[in-house]
Amino acid sequence: MNIHESAEDYLEAILKIKEQKGNVRSIDIASELGFSKPSVSIAMKRLRENGYITMDDNNMISLTDMGRRVATKIYTREKELTLFLENLGVDSEIAQKDACKMEHDISEETFMKIVEFNQKI
């Protein structure tokens, strides 16, 4: 599954918003990510065309099974990396921001070692 980093960020935001609010609209995503509504609309169109999301008649956004898999993977990576950085003594807010940057770039091997480390602590 080859997906752009920005698409992963959108899918992760949809998952987070769904967990927090129950429903997801484009404006919620724009607010979460700090993007303009037109930019989010274009991204949602692409995600829908590629089978990652669906939109109902009220423009509520839902993840497809494929979209949920990607979002869950990215969200899990971010949470584990945040925990790792916090365990190193990094401030929680900084740890979360750095984890978001790291989640896309580290290898699966490195990520699994971080998970193992987190479990030991």
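Some observations on this one:
- In summary, the lysines within cross-link reach of Lys18, defined as a Cα separation below 30 angstrom excluding same-chain residues under 8 places away, comprise Lys37, Lys45, Lys73, Lys79, Lys97, Lys101, Lys113.
- Bins of 10 Å, starting at 0 and running to the largest distance - Cα pair percent for the chain: 13, 42, 30, 13, 1
- Distant-in-sequence amide H partners of Ile53 (H built 1.01 Å from N, under 5 Å): Arg48, Thr64
- Here the chain is treated with +1 on each Lys and Arg Cβ and -1 on each Asp and Glu Cβ, and its dipole about the Cα centre works out to around 340 debye.
- Positive-pole candidate from Gly51, Val24, Val70, dipole of segment 5-70, charges at beta carbon: Val24
- Vicinal HN-Hα couplings computed from phi for segment 84-97 (Karplus, 6.51 cos²θ - 1.76 cosθ + 1.60; Hz; Gly/Pro x): 4, 5, 5, 5, 7, x, 6, 3, 4, 5, 5, 4, 5, 5
- Karplus-derived HN-Hα couplings along segment 104-121 (A = 6.51, B = -1.76, C = 1.60, θ = phi - 60°), whole Hz, x at Gly and Pro: 7, 10, 7, 6, 5, 4, 4, 4, 5, 5, 5, 4, 4, 4, 4, 5, 6, 7
- Along its principal axes, segment 74-120 has C-alpha extents of 25, 24, 13 angstrom, given from the largest down.
- Inter-site label distance for Lys45 and Lys21 at 7 Å from Cα along Cβ, in nm: 2.2 nm
- Here segment 1-41 and segment 102-121 have alpha carbon centers that stand 24 Å from each other.
- Efficiency of FRET from Cβ geometry, Glu109 and Ile3, R₀ 25 Å, rounded to 0.05: 0.80
- Rounded, prolate or oblate (a/c below 1.5 giving rounded, otherwise prolate when a/b exceeds b/c) for segment 5-70 by Cα gyration tensor: rounded
- Helix-only CD estimate at 222 nm, as mean residue ellipticity for the chain, using -39500 (n - 2.57) per DSSP H run (n ≥ 4): -22500 deg cm²/dmol
No lab work stands behind these numbers, since they all come straight from the coordinates. Source: prediction; values computed, not measured. With ideal geometry, Cβ positions are generated from the backbone for all residues, glycine too; neighbour counts draw on all protein chains shown.
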